[in-house]
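A short write-up of the structure that comes next.
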Amino acid sequence: MNKRTSHSLNILETPFSTVTSAGHWFHATRKTIEDFVPGLLKKYEYETLIAKAVAWIDSADSIAMLLYFILAYTTDVWVAAVLAPIFHFFWYHNKSGFVNITVTPILSLINKDLFQITVAAIALSFMGIYGMYTALIFGIIYFFLFKVGLLRRLWDSLDRRKTSRGNGLPLNDRVLKMIMVRYALYENMPPPEVERLERHVEQAVIDFNTRKK
């Protein structure tokens, strides 16, 4: 097994999987990336790609917490209390479709402990000052749930049951795959399946234009 460190992210890599110190599990290794996008690891370290995937995985907690505080101040507290976990569920299960290179550094910032604690401390303090006690209680509960990642762990456990029966790619691996695709396209070295898709689309356009003439 190889244990490597990238910044503050500790990674344990086995021949069959990769696990981070925060409990993020990927059924992928360096060989997986090299097979999927040959040459990509010459451009980006494996730990860097994993860290970017983790930024998107953790973004469900960070964005949901920020969303709750914003809605608690701008709408009814019960609306905020309901929409925050609903958004968390939606974003966590669909985030792979939103993976974007330029957004990743922003997510990495809002995922930082200092940023989240500062935002929560300010928001909760003003809720107490202005007598928003219901919002304050929900705020404390959601800060704990999102900061510790309890909802994320719940969705992960449910997803593992589904994927263990062969129903699709696990959520974390889906995100890592999109990270690989985005950076491969950025470096103009698309993986074979993307190239096949591009050729198929190009041929479909040609066939369509030919039929119009």
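The values are calculated or read from the model by the stated rules, or taken from the named source; none is laboratory data. The structure presented is a predicted model; accordingly, all values stated were derived computationally and were not measured. For neighbour counting, all protein chains shown are included, and Cβ atoms are generated from backbone atoms with ideal geometry for every residue, glycine included. Calculation scope for accessible area: heavy atoms of the full protein, side chains included, ligands and nucleic acids excluded. Shrake-Rupley method; radii C 1.70, N 1.55, O 1.52, S 1.80 Å.
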Item to check | Close pairs from the stretch 7-19: first more than 9 Å from residue 47 (Cβ to Cβ), partner at pLDDT 80 or above and surrounded by fewer than 14 Cβ atoms within 10 Å (Cβ to Cβ), Cβ under 6 Å, at least 6 apart | outcome: 10/21; 19/12
Item to check | Residue count, the stretch 125-152 (criterion: of a type outside the set (D, E, K, R), in a helix (DSSP H, G or I) and crowded, with 18+ Cβ neighbours inside 10 Å) | outcome: 10
Checklist entry - Take the residues of the stretch 104-118 that are crowded, with 17+ Cβ neighbours inside 10 Å and aliphatic (A, V, I, L, M): which is nearest to residue 81 (Cα to Cα)? => result 110
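Kindly indicate whether residue 51 is of a type in the set (Gly, Ala, Ser), open to solvent by less than 40 Å² (accessible area, probe 1.4 Å) and in contact with a Phe, Trp or Tyr (Cβ under 7 Å, 6 or more places away or on another chain).
On the way: of a type in the set (Gly, Ala, Ser): yes; open to solvent by less than 40 Å² (accessible area, probe 1.4 Å): yes; in contact with a Phe, Trp or Tyr (Cβ under 7 Å, 6 or more places away or on another chain): no.
So residue 51 does not fit the description; no.
This table checks each residue for (1) over 30 Å from residue 137 (Cβ atoms); (2) open to solvent by less than 50 Å² (accessible area, probe 1.4 Å); (3) of a type outside the set (Lys, Arg); (4) touching a Lys or Arg at 6+ places or on another chain (Cβ under 9 Å).
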residue	(1), (2), (3), (4)
12	yes, no, yes, yes
30	yes, no, no, no
45	yes, no, yes, yes
77	no, yes, yes, no
80	no, yes, yes, no
94	no, no, yes, no
102	yes, no, yes, no
Next on the checklist: Yes or no: the stretch 58-73 includes at least one residue that is of a type in the set (S, T, N, Q), within 16 Å of the chain's Cα centre (by Cα) and crowded, with 19+ Cβ neighbours inside 10 Å.
Outcome noted: yes
Item to check | Total residues in the stretch 153-210, condition part of a helix (DSSP H, G or I), of a type outside the set (A, V, I, L, M, F, W, C) and at pLDDT below 70 | outcome: 12
Next on the checklist: Just checking, does the stretch 93-110 include any residue being in contact with a Ser or Thr (Cβ under 8 Å, 6 or more places away or on another chain), within 24 Å of residue 185 (Cβ to Cβ), in contact (Cβ under 8 Å) with a residue 60 or more places away in the chain and part of a helix (DSSP H, G or I)?
Outcome noted: yes
